[in-house]
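One structure is given below, encoded as structure tokens.
Any read-out appearing in this document is the output of simple, stated calculations on the displayed coordinates, not a laboratory observation. Given the structure is predicted, the values throughout are model-derived calculations rather than measurements.
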Amino acid sequence: MANSTTPLLSNHQDQEFPKLNDHFSSLEQIIDPFFDTCNGTIAWPQILQVMLVSLACFFEAQQTFITIFTDAIPSWHCVSTNTSCNSMSNVCQLSLTEWNWDKPIYTSIVSEWSLHCFTSSILQGLPASSFFMGCLLGGLVLGVLGDSIGRKTMLFFGCLIMSIASIFIAFSDNVWMYSALRFLSGYGRAAIGSSVLVLCSESVGKKYEGKVGTIGFFMSTFGFVSLPCLAYFSKDYSWRVLYLLTSLPAIVYCLLIQFCVYESPIWLLSKGKVIEAYAVLNTSHLKNESSNLDHNKLSFTTMSGSDPPLIKILLRKKSILGQLLLAVAAGFGIGLMYYGMPLGLGNGNFSLNLYSSTGLNALLELPSFLIVFFLVEKCKRRSTLVGLSVLSGVCGMLCMIASERKVLQMVLELTSFFSACTAFDLLLIYTSELFPTSIRNAAVSIVWQGVVLGGVVSPVLVDAGGDSNNKILAYLILGIMTATAGCLVVFLPETKGLEICKNIEELEQKGSINHV
């Protein structure tokens with residue numbers, strides 16, 4: 001590792017290099033000249049890096065929503081002339097000779113393992129909830145490790161754990177093994193989203209970091225849209241086939257990460273790995289023929305005063321803890337509607353089949369991505385998040401009140417979900433700008449898990465509503481919580497146009513930490 005008295009390259013030992021002042025120079029000021037290579041445009045190796053990294057979200061979305069099809073309750077029909085069997089009957093109260101599934105039992109885990117007659121609602125929801133429980137634990141553990149072992153390494157292991165667990169799921173013998181492997185798959189999935197966002201943002205200059213941070217959301221939407229297509233063409237085969245179709249390509253992608261993706265140069269500099277950072281910048285960015293890499297622009301000074309782990313920082317810096325808690329609370333509120341609307345309400349109101357309704361919900365995320373992509377550099381983070389959260393919460397409440405007017409209800413529902421999607425995308429970009437490089441990956445991961453927690457709570461709250469009157473009350477509560485949680489970001493600092501800080505010391509020196 002380079003030190004404060006050793007030059008970056010051995011053949012430049014006699015030259016004078018500008019040193020990095022930890023208090024008044026940011027990593028962004030050092031890195032930006034190397035990113036700005038082609039007359040202000042992004043070089044093709046940077047584009048390739050961003051696309052390869054963002055592709056992880058394609059596979060992550062497939063594994064997140066795959067249970068919509070593998071865990072679906074199949075349709076059934078009566079096979080006897082007994083008048084006690086009709087479309088309104090409870091199959092668990094009928095004899096096995098009176099009814100049968102419309103498709104072979106191996107098309108869903110529900111029919112294969114007879115989960116439809118479980119007396120405990122907890123056991124019925126165990127396979128789905130175990131995945132999100134794994135996401136929560138993985139976000140707390142792997143998200144923190146990302147700031148220690150690197151963005152690329154964390155992305156590789158996250159994808160590898162998720163894809164291997166999904167392959168083994170295809171060979172599950174019972175619901176308990178299935179749920180345990182879904183938990184492990186969720187554990188690995190938790191590291192993907194935050195690693196993609198941070199690695200993409202730190203692979204380009206400040207001018208483009210907001211836009212490239214949204215590419216992962218686009219890939220996630222594409223992965224979600226591809227899922228009903230794969231499920232439709234494999235609908236007559238075992239549910240295990242769908243897991244293999246989505247997990248085997250992910251294994252190949254893990255190899256691409258290992259050999260084709262490079263580490264974040266900003267993270268390397270924050271860890272004092274200056275020579276490695278120089279190697280990344282020198283080999284991964286296209287230069288014009290008349291433009292040579294200026295070694296003198298890269299500081300050879302080892303980054304001193306690196307931050308301790310996030311837990312220690314939160315215990316010592318109450319202001320950082322306050323900011324993180326506010327961001328998590330906002331994420332939780334957004335997650336209530338982001339997951340709650342399509343899972344708890346959408347499928348019940350659209351008169352479409354399972355494949356069409358899922359595809360429609362997935363396609364709705366595309367315009368959300370486009371809005372964030374084109375406006376992220378122009379909009380203020382705080383006011384935009386407040387507006388989107390309030391809009392999502394109010395429309396979520398009104399869509400249940402207007403249940404008698406189906407067209408109006410559908411418009412309100414889609415508006416609520418669309419606002420939540422846009423707020424979700426913007427919140428993660430905002431979080432990556434809010435915290436310094438040394439703890440950015442951990443902070444983004446924790447906020448992401450706040451959104452996931454909202455997704456765990458919202459269906460439970462809606463299902464607990466029972467009849468229509470109680471469901472209206474449940475959605476009123478969801479809407480109020482979403483709007484209130486979103487408004488908490490007004491206590492956070494605005495980050496639009498601010499420079500990247502490498503550690504807490506530099507953040508404090510610039511006065512970017514607000515005491516909350």
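Can you tell me how much longer the chain between Ala128 and Trp176 gets when fully stretched, taken as 0.36 nm per residue apart minus their C-alpha distance, in nm with one decimal? The partial results should precede the final answer.
Numbers: separation 48, 0.36 × 48 = 17.28 nm, distance 1.19 nm.
Once the chain is fully extended between Ala128 and Trp176, it gains 16.1 nm.
Give, in nm to one decimal, the length gained when the segment between Val79 and Cys229 is fully stretched (0.36 nm per residue of separation minus the Cα-Cα distance).
That works out to 50.9 nm of additional length.
For Leu363 and Thr67, compute 0.36 nm times the residue count separating them, minus their Cα-Cα distance, and round to one decimal in nm.
Values: separation 296, 0.36 × 296 = 106.56 nm, distance 1.82 nm.
Roughly 104.7 nm would be gained on extension.
Of Lys317/Lys378; Lys271/Lys380; Lys211/Lys318; Lys152/Lys378; Lys271/Lys317, which sit over 23 Å apart, Cα to Cα?
Values: Lys317/Lys378 31 Å; Lys271/Lys380 31 Å; Lys211/Lys318 31 Å; Lys152/Lys378 29 Å; Lys271/Lys317 21 Å.
Too far apart for the 23 Å limit: Lys317/Lys378; Lys271/Lys380; Lys211/Lys318; Lys152/Lys378.
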